[in-house]
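Chemist: This is the structure I have questions about; it appears just below.
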Amino acid sequence: MPKQVADSTHEMAGPVPATFQQGDCGRAALAPVADGCENGADHEAAIRRYAVQRRLPERSVEAWLKLGAEGARMLLELSVALKLRTGQLAAVIELVAEIALREGTTAVSVLKRGEITSIAKGVGSAPERASKLLNVLRILRYPELNRALAKLQSAVEALRLPRSVTVGLPKDLSSGQLSIEIRAGSLAELDEAVRALREASARFSEIFDSLEGADEL
Amino acid sequence: MNFEIDALFIEDAVRSSELAQRLVARLNSKVPVSYVMDGRQAARPLPVDDAFVAGKRRLVVMNRRSRFLSPCPAAGAGLACCGYLVLVLASNCPMNCSYCFLQEYVADNPGLQIYANYAQAFEELERLLRTNSARHFRIGTGELADSLAFDRVTGLSVDLVEFFRRHERLTLELKTKTDEIDNLLRMDPLGRVLVSWTLSPSRVYRSSEHGTAAPQARIDAACRVREAGYRVGFHLDPIIAYPQAETEYRELLSMLFDALAPGEISFLSVGGLRMTPGLRAIARRRFPNDPMLVGEEVLSPDGRYRACYPMRLRLYRSLAAHIQAKAPGLTHYLCMETPAVVARALGTAPPSPAVLGERLATA
C-alpha cells in the first residue's frame, strides 16, 4: 500500500493494492479503479460509494470531488489505508482543500508532501497514523500559529514550575491572556507555588512578548 | 463606474418623491420599473443560487421605517470606539467583496434599498445638535452601503453636502471603494465633508474586492476631492494577515504617502479581518477560491474569527511603527478591537469615544 500511495499521482491501472485486498470497507468502493477501467466518472462513482458507506455529509463529498480527479483518488486511497473515521475524513478533505488554496497549489501536491507520504508508508496502527495525518495537516494549514504555539509551549516548560502550578496558553492563541492554575492543599503548598511563580516572573515577560508576536514567529 | 441594475422597484408611498423621480429619469427607461405596496417585500431574497448577488441588482426605493441615525456597532460591543455615528440612507452595495459582513447581515433582505424619506435623517441630525450643544460629530453613510456607488443616479451626495455645509458641528463622512466623485467635484463642502476610502493591497483587491475601483484609482480620486476642498481619510480595514501582508500593507501605505502628504490626510483607521462563524461559512461558500478567506483565523473570545493573537498584534505594531515613521502626527486608530488589545498594540490606552470622536470630526 505505501508505495501505491506514494506513486498514486499516476493513473493506477494495476491490481488492487495489497492493503485494499485485506477486507477493509473501502475495497468495494475501489472496484472500478481495480478493474483498470478508471476514468473521471468511475472515480466519482467510487468516491460516492465509499462516502455512502462512511455516511459522509454531501457537503464533504462535494468538497472531495472538487479536489480534482487525481487528488480525490489519492485521498480515497489514503482514507482506505488509514481507515479514517467519518469525522476525520471530513476534516482531512477540508484541510487539504484549504492548504492547496492557501498555497496556490493542488491537492495532489499537498498529498505528495513528504510529511504525508511518510505517514501513509509508515508503521503503526491505522488509527495512530490517522491521528498523525490530521496533526500534520493542521500544522500545514496553520503554520505560523503552530510555530508560535510550539515556541510558547517550550517556553512554558522551561519555566520549570512545580507540578502544583499549571500555565495554560489561550486556546488557539486567540487572545493574549495566560491562565494560571494553582493546586494547594495547605498554606505551605500555596506559598511554595506563589514563590515559584514570583521567581519565574522575568521569564513570564518573555512569554507575554512572544504571545504578542514581538519576536519572529 | 457603472453598476448594472436589473429592476427598479418603487414603493407606492414614495412614487412622487424627488429621489424616485430622479432615478426613473436617470436610469432612462433601460431598467424596468415596478411599483409595489411594500418595498420590504421587493427587497426579500429571490429563490436563486446566489440571492445576495441577485439582490445587488434590484434597486428598491422605499421609506425607511426606523431611525436613520445610530451609534456605530462598536459602541455597544465592549470595543474601543471612535464616536462615529451611522446614518443609514441605503442598504447593500453593488460591489462584491468576499469578506463583506453584509453577506450575513442583509441575507434576509438583500435588495439594494435606498430610502426616499431621508429628509427625516436631516431632522434627526438637527435634533442631535440641539441636545448636544458643544460637541462635534462625525456622521457616516458608509456602514450598510457604499456612500457613492450609485451617486451618479441618486445624486444623494448633492443633498448631503448641501445639508452638512450649513452645520458647523457636523462632519459628513462618505465612505467608498469607488471613484464616483463627479458630483462632489462640482460642490464646495466648506470643509465639512470628509471622503474616505477603504484601501487594500493589490493582492487583496484582486482576490477579494470584486467590482471595486483599483487601489491606485481610489488614491487618485482622493487626491482630486482633496484638491476640491474635501477632507480625506483612509480605512485599512479589513487588514488580512496573509503571508506577505506585513510587506504589502507597508507598500500600500508608502503608495498612499507618495500621493498625499500625511498632513493632507485627516485620519487612518486600521482594523483586522473579523468574521462571525455564520459570515465565514457564507463567505467561503460564495468564494471558494479566495485564499484570503483561509488565513490563520481562530475563534476569538468575542465569538468572531480573527487572525491568531500573535499574528494580529505583530501586524498592528508593524503598521503603527511604519505610520509613525512615515507620517508622524497622523491620527490613526484601531477599529473593532477591545481597549486592552488597542493598548497592547499601540502602547497606549485608546481615548474615550467622545474625545476621539471630537478629534476625528475636526481633523
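Chemist: I'd like to check something: does the range A:181-200 contain any residue that is within 12 Å of another protein chain (Cβ to nearest Cβ) and surrounded by 11 or more Cβ atoms within 10 Å (Cβ to Cβ)?
Modeler: no
Chemist: OK, next. Inspect all residues belonging to the range B:113-125 and state whether any of them is open to solvent by 30 Å² or more (accessible area, probe 1.4 Å), of a type in the set (A, V, I, L, M, F, W, C) and farther than 30 Å from residue B:295 by Cβ.
Modeler: yes
Chemist: Just give me the residues in the range B:347-363 being part of a loop (DSSP other than H, G, I, E, B) and in contact with a Ser or Thr (Cβ under 7 Å, 6 or more places away or on another chain), in sequence order.
Modeler: Of everything in the range B:347-363, just one residue is part of a loop (DSSP other than H, G, I, E, B) and in contact with a Ser or Thr (Cβ under 7 Å, 6 or more places away or on another chain), namely B:363.
Chemist: Something else about it: Taking the range A:103-126 as the search range and keeping residues that are open to solvent by 60 Å² or more (accessible area, probe 1.4 Å) and in contact (Cβ under 8 Å) with a residue 12 or more places away in the chain, which one is farthest from residue A:141 (Cα to Cα)? Spell out how you get there, then give the answer.
Modeler: Step one: filter the range A:103-126 for residues open to solvent by 60 Å² or more (accessible area, probe 1.4 Å), giving A:103-104, A:106, A:112-113, A:115, A:118, A:121, A:123.
Retained after the next criterion (residues that are in contact (Cβ under 8 Å) with a residue 12 or more places away in the chain): A:106, A:112-113, A:115, A:121.
Details: A:106: 14, A:112: 15, A:113: 13, A:115: 13, A:121: 22 Å.
The qualifying residue farthest from residue A:141 (Cα to Cα) is A:121.
Matching residues to (1) loosely packed, with under 15 Cβ neighbours inside 10 Å; (2) closer than 23 Å to residue B:149 by Cα:
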{"position": "B:3", "(1), (2)": "no, yes"}
{"position": "B:12", "(1), (2)": "yes, no"}
{"position": "B:17", "(1), (2)": "no, yes"}
{"position": "B:26", "(1), (2)": "yes, yes"}
{"position": "B:31", "(1), (2)": "no, yes"}
{"position": "B:37", "(1), (2)": "yes, no"}
{"position": "B:68", "(1), (2)": "no, yes"}
{"position": "B:75", "(1), (2)": "no, no"}
{"position": "B:85", "(1), (2)": "no, yes"}
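Chemist: Here's a follow-up. Could you please give the count of residues in the range A:179-201 that are assigned to a loop (DSSP other than H, G, I, E, B) and touching a helix residue (DSSP H, G or I) at 6+ places or on another chain (Cβ under 7 Å)?
Modeler: 1
Chemist: Here's another thing I want to ask about it. Please work out which residue is surrounded by the fewest Cβ atoms within 10 Å (Cβ to Cβ), limiting yourself to the range B:315-337 and to residues that are in a helix (DSSP H, G or I) and within 23 Å of the chain's Cα centre (by Cα).
Modeler: B:320
Chemist: Still on this model: I'd like to check something: does the range B:254-261 contain any residue that is crowded, with 16+ Cβ neighbours inside 10 Å, in contact (Cβ under 8 Å) with a residue 60 or more places away in the chain, away from chain A (no Cβ under 14 Å) and within 16 Å of residue B:322 (Cα to Cα)?
Modeler: Yes, the range B:254-261 contains a residue that is crowded, with 16+ Cβ neighbours inside 10 Å, in contact (Cβ under 8 Å) with a residue 60 or more places away in the chain, away from chain A (no Cβ under 14 Å) and within 16 Å of residue B:322 (Cα to Cα).
Chemist: Out of the residues in the range B:266-281 that are hydrophobic (A, V, I, L, M, F, W, C) and under 17 Å from the mean Cα position of the chain (by Cα), state the one that is farthest from residue B:306 (Cα to Cα).
Modeler: Applying the filter and picking the extreme gives B:267.
Chemist: Also, quick follow-up: Could you identify the single residue in B:74, B:80 that is among the hydrophobic types (A, V, I, L, M, F, W, C) and more than 28 Å from residue B:286 (Cβ to Cβ)?
Modeler: Only one candidate passes the filter, namely B:80.
Chemist: Restricting to helices (runs of 4 or more DSSP H) lying wholly in the range B:104-207: which have 2 or more residues that are within 20 Å of residue B:56 (Cβ to Cβ) and in contact (Cβ under 8 Å) with a residue 60 or more places away in the chain?
Modeler: Fully inside the range B:104-207 and qualifying: B:151-154.
Chemist: Next question, about the same structure. State all residues of the range A:167-178 that are open to solvent by less than 60 Å² (accessible area, probe 1.4 Å) and either on the phi > 0 side of the Ramachandran plot or more than 8 Å from chain B (Cβ to nearest Cβ) (or both); if no residue qualifies, say none.
Modeler: Our first condition is that a residue be open to solvent by less than 60 Å² (accessible area, probe 1.4 Å); within the range A:167-178, this holds for A:167-170, A:173-176, A:178.
Passing the criteria: A:167, A:168, A:169, A:173, A:178.
Chemist: Among the charged types (D, E, K, R), touching a Gly at 6+ places or on another chain (Cβ under 7 Å) and buried (at least 21 other Cβ atoms within 10 Å of the Cβ) - does that describe any residue in the range B:131-141?
Modeler: Within the range B:131-141, one or more residues are among the charged types (D, E, K, R), touching a Gly at 6+ places or on another chain (Cβ under 7 Å) and buried (at least 21 other Cβ atoms within 10 Å of the Cβ).
Chemist: Among B:344, B:312, B:284, B:306, which is the only one that is more than 30 Å from residue B:226 (Cβ to Cβ), within 11 Å of chain A (Cβ to nearest Cβ) and in a strand (DSSP E or B)?
Modeler: B:306
Chemist: Name the residue that is farthest from the other protein chains (Cβ to nearest Cβ), counting only residues in the range A:132-161 that are outside any helix (DSSP H, G or I) and open to solvent by 40 Å² or more (accessible area, probe 1.4 Å). I'd like the intermediate steps shown before the answer.
Modeler: To start, the set of residues in the range A:132-161 that are outside any helix (DSSP H, G or I) comprises A:142, A:158-161.
Still in the running and open to solvent by 40 Å² or more (accessible area, probe 1.4 Å): A:142, A:158, A:160.
On the way: A:142: 5, A:158: 18, A:160: 23 Å.
Result: A:160.
Chemist: Mind checking whether some residue in the range B:202-216 is basic (Lys, Arg), in contact with a helix residue (DSSP H, G or I) (Cβ under 8 Å, 6 or more places away or on another chain) and within 14 Å of chain A (Cβ to nearest Cβ)?
Modeler: Yes, the range B:202-216 has at least one match.
The values are calculated or read from the model by the stated rules, or taken from the named source; none is laboratory data. All figures in this text were calculated on a predicted structure; none of them were measured in a lab. Methodologically, a virtual Cβ is constructed for each residue, glycine included, from the backbone with ideal geometry; neighbour enumeration extends over all protein chains shown. To get the accessible areas, we keep the full protein, side chains included, count just its heavy atoms, and leave off ligands, DNA and RNA. Shrake-Rupley method; radii C 1.70, N 1.55, O 1.52, S 1.80 Å.
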